[in-house]
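Working notes, beginning with the structure itself.
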2 protein chains.
Amino acid sequence: MPRPFDPGYGEEPFATLVREYPLEDVYPPSHFRVEWGPIFHRGRLDGSARVLVIGQDPAHHESIVRRILVGEAGRRLQGFLAKLGITRSYVLVNTFLYSVYGTADRQAAKNPQLVAYRNRWLDALLVGTRVEAVIALGTFASDAWSAWASTPSGQSLHVAFAHVTHPTQPESSSKSPAKVAEATKALLQNWNAGLQALAPAVAHPDAPRPLALYGDTWADGDRTPIPEFDFPAGLPSWMHANDGWARRAGADELAKRRNLTITVPKGIGA
Amino acid sequence: MPRPFDPGYGEEPFATLVREYPLEDVYPPSHFRVEWGPIFHRGRLDGSARVLVIGQDPAHHESIVRRILVGEAGRRLQGFLAKLGITRSYVLVNTFLYSVYGTADRQAAKNPQLVAYRNRWLDALLVGTRVEAVIALGTFASDAWSAWASTPSGQSLHVAFAHVTHPTQPESSSKSPAKVAEATKALLQNWNAGLQALAPAVAHPDAPRPLALYGDTWADGDRTPIPEFDFPAGLPSWMHANDGWARRAGADELAKRRNLTITVPKGIGA
């Protein structure tokens, strides 16, 4: 059985983009985990993308897979895209190349070089391409979109856009299970509005289907695995089937920052 | 400053090869760490390679970098290639796609499907290419070469070949520092013989230089960092500057087998 994979950054303009990523002078280590390197994207770079998604920043699983949105947030987003009939023709980039340390910093986010580099990616993915809809996950991503939309290229492009709640906002903003449930319900209502705004614009879905909205909580099929064809060649299947296999372990904050501990899930291998 | 990277497997015949790698039925989990996935190569896949190296199997750093020979063995090999004037035009593959668990098994190594898949790689890298010399690191690699050399493609190709001692054989075969020093001296004598056999065949070095043989122990410059252009895009620089940043941690053999613990070296990041 063939094992599909993502070919990565061999083609221009992406080969040049990934050679020219900004370093610590643009992403200060006090706000970003620059020591784990930049993580650029997930999805189609061959011009076939119909939907562009802007996320926020990569987390720890992403540091190993070297693709963004490969954990729980990614699986929820995958379900959202599937409701639009988009199962392959998507491309995802983040607001920030590096993982945010602590809370995302509004001032750091405004660094002109940070914005300019991201805009080069957005130019490459949007100008003269087939993209029919853009989704921003959360406020920083929405600001990233606005920054690009105000450039000359952005002003001349007309594309459907929706700013939706970040997929793991319920867990990151709520302390109790009841609060998470409440925030999840609000997120799903917000996502339903996003689906209704975007669905008419997605004229070339991979798998056309009637629009089925979310209920008050996650249902079967709302969270779907990250496709193997989004991962670099040869990564083991447990890395895309689920997350939870990587964590930052350590006795204190600094030790945790320097560590990634990977554990193969039980039932795999010998 | 541009950060070069290895573009990987986007081009044929390698795109097809990395989609069709053998699984547990060919590499039994009792002998191979199949749970970490296959690791295919390091170096040039664009036809520019002048030297082909066959190694044995990937270790733990390789599971993260997803390229072979990126640790101490790789740095020693890099120095050997530099003595031949080869600083970029090389390609490295292993005898085994997966990391060996315990001791390499002669019987498992003879699996016809295992050999046939490896021979497809050797066909792709040797038939009709510019390779002028082949190096086998250790006995299993030498057997892998013999298996290919006896195929019709192998029989019709005439290329310089040397079987040399595996770069970390001194450490893996010796218990005391004195024994390591003795084994290192023997390895370097063996490598000098290999250099003398191969140097005349390497007609198109990247950086021509008079052949300088090894002394009785490692000297300055004999072990050189893995070039950034051999690594996938965006990997942090400490991953190619040195090894020692990954280890298999755990209370017992099974726990160690399931674990990889990565620690950013001191002095990097915040």
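The values are calculated or read from the model by the stated rules, or taken from the named source; none is laboratory data. Just so it is clear, the model here is predicted, and its values are computed rather than measured. Counting neighbours? That spans all protein chains shown, and the Cβs are built from the backbone with ideal geometry, glycine included. Calculation scope for accessible area: heavy atoms of the full protein, side chains included, ligands and nucleic acids excluded. Shrake-Rupley method; radii C 1.70, N 1.55, O 1.52, S 1.80 Å.
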Open item on the list: If N is the number of residues in the protein assembly as shown, what value comes out of its Cα radius of gyration divided by 2.2 N^0.38 Å?
Closed with: 1.03
Task: Cα pair count fraction exceeding 19 Å, expressed as % - the range B:17-172 - done: 50 percent
Open item on the list: Could you tell me how far the Cα centroid of the range B:223-252 sits from the Cα centroid of the range A:16-70, in Å?
Closed with: 19 Å
Task: Electrostatic dipole magnitude of the range B:1-124 [Cβ: Lys, Arg +1; Asp, Glu -1; Cα centre; debye, to 20] - done: 560 debye
Task: Heavy-atom surface of the range A:85-194, accessible at 1.4 Å and reported per residue (Å²) - done: 44 Å²
Open item on the list: Would you calculate the convex hull of the Cα atoms in the range B:90-153 and tell me its volume per residue in Å³?
Closed with: 93 Å³
TODO: Specify, for chain B, the residue whose C-beta is closest to the rotation axis mapping it onto chain A, with the distance given in whole Å.
DONE: B:Gly10, 2
Task: Carbon plus sulfur fraction of accessible area for the protein assembly as shown, probe 1.4 Å, in percent - done: 53 percent
Task: 19 Å Cα-Cα threshold exceeded, pairs from A:Lys110/B:Lys266; A:Lys256/B:Lys266; A:Lys83/A:Lys185; B:Lys83/B:Lys185 - done: A:Lys110/B:Lys266
Task: Computed over chain B, the ratio Rg/Rh where both radii use C-alpha atoms and Rh is Kirkwood - done: 0.94
- [ ] Could you pull the copy-to-copy label distances for B:Pro13, with points set 7 Å along Cα to Cβ, in nm to one decimal and sorted shortest first?
- [x] 3.6
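As a check on your grasp of the helix formula, calculate [θ] at 222 nm for chain A: sum -39500 (n - 2.57) over DSSP H runs of n ≥ 4, divide by the residue count, round to the nearest 500. The partial results should precede the final answer.
On the way: 11 runs with 95 residues, N = 270.
Computed mean residue ellipticity for chain A: -10000 deg cm²/dmol.
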TODO: Could you check the simple spin-label distance between A:His158 and A:Arg106, using points 7 Å along Cα→Cβ, in nm with one decimal?
DONE: 3.4 nm
Open item on the list: Assume the label is 7 Å from Cα along Cα to beta carbon: what separations in nm does B:Arg130 have to the matching positions in the other copies?
Closed with: 3.6
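Could you work out the equivalent-ellipsoid semi-axes for the range B:37-113, taking the square root of 5 times each eigenvalue of the Cα gyration tensor, largest first, in whole Å?
23, 14, 12
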Task: Size descriptor, Kirkwood hydrodynamic radius, that averages inverse alpha-carbon separations across the range A:94-220, Å - done: 16.4 Å
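Per residue, how big is the convex hull of the range B:7-57 when only Cα atoms are used? Give it in Å³.
Spread over its residues, the Cα hull of the range B:7-57 gives 94 Å³ apiece.
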Task: Per residue value of the accessible surface for the range B:14-66 (all protein chains in place, 1.4 Å probe), Å² - done: 26 Å²
- [ ] Would you mind computing, in nm to one decimal, how far apart the modelled labels at A:Lys256 and A:Glu171 are, each placed 7 Å from Cα along Cα→Cβ?
- [x] 1.5 nm
TODO: Net charge near B:Trp148: determine it from the other residues with C-beta under 9 Å of the C-beta of B:Trp148, scoring Lys and Arg +1 and Asp and Glu -1.
DONE: 0
Open item on the list: When 1/r is averaged over all different Cα pairs and the result inverted, which Kirkwood radius in Å belongs to the range A:149-270?
Closed with: 18.5 Å
Task: Copies compared at B:Ala197 - label distances in nm, ascending, label defined 7 Å from Cα in the Cβ direction - done: 6.8
